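The values are calculated or read from the model by the stated rules, or taken from the named source; none is laboratory data. A quick note: this is a predicted structure, and the numbers were derived from the prediction, not measured. Please note: Cβ atoms are built from the backbone with ideal geometry, for glycine as well, and neighbour counts cover all protein chains shown.
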Amino acid sequence: MATQLAERRVHPVEAFRQALDHRTNEIKMALPSHISVDKFRRVATTAVQTNPDLLDGNKVERASLFTALVRAAQDGLLPDGREGAIVPFKGKAQWMPMVAGIMQKVRRSGEVASWDVAAVYEKDQFERLLGDDQRIFHKPYEEGDPGKVIGAYSIVTFKDGTKSRDYMPKWRIDKAKNQGRGASSLMWTTFEDEGAIKTVIRHHAKRLPQATDIEAIFERDETMAVEHQPAPQMQEAQPEPVQNLSRLDALEQAIDTTTLDPNAGEKRVAAGSQSLSSQHDGNEDMGEAGE
């Protein structure tokens, strides 16, 4: 009884640290080499300290917090509020990669000199020219509320001086928004301008270095619309055996069923890791391509 009372008195942040300590190897397995597991743990702890709702079991499903952390590690981004953030939404913790983090992934390719992205608002001065002398001119309105978002653009300058541009007007952004999770997701209910920018980045990134990595980030981003819906199934698909999953998929599957209890799910994750140990990160026309 005394032990149970002592456990109840453990501060939520300390309980989180203990649980994270027991998952060090799991997080390390998901992280890329340029991010140390110690640094990731420090940033993750700061993230939950600044948003206590993430540790409130009555507000956020506990297992979802560790699932979100694994997704951040898989993306090679820190949940520091700049590269990405873990946010509570509809009873779960959700991983939300930010624009700065996504752009950083492309810059690591070594082929990009600069990348400018922005949302365009009603009161901004904006001009886009096509043809031989292609260019985008944008002068933001800074005297007050700029009005509603009417579009977003992306300009990449490569190391050789060439540029690649992309622009999406509001109707195309809305079309992307209404797919999959759509307008009800956290991105569009709280961060509409961020959503518009991320939408044009996703569209543009298909023509840029690290395109595959960038698409993988968006696939794991629970706050964004997904581009494709799975085909209808005539019968319920059977779960795939753990040995046929990738190491990271098996890890995420295991964490989905765990809680902040440091001992929960250890045997399952260990078994999954053991069984998987033998298997093993120009110039484009500005015309509007299809989604």
What's the total number of residues in segment 43-96 that are under 10 Å from the mean Cα position of the chain (by Cα) and of a type in the set (Val, Ile, Thr)?
1
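Do you know which residues across segment 53-62 are surrounded by fewer than 19 Cβ atoms within 10 Å (Cβ to Cβ) and over 18 Å from Met96 (Cβ atoms)?
Within segment 53-62, Asp56, Gly57, Asn58 qualify.
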Please specify each residue of segment 93-119 satisfying the condition of being in contact with a Lys or Arg (Cβ under 6 Å, 6 or more places away or on another chain) and part of a strand (DSSP E or B).
Trp95, Ala113
Only one of (1) closer than 29 Å to Met168 by Cβ; (2) at pLDDT below 85 fails for Arg62. Which number is that?
(1)
Which one is surrounded by the most Cβ atoms within 10 Å (Cβ to Cβ), of the residues in segment 166-195 that are modelled with pLDDT of 75 or more and within 15 Å of the chain's Cα centre (by Cα)?
Gly195
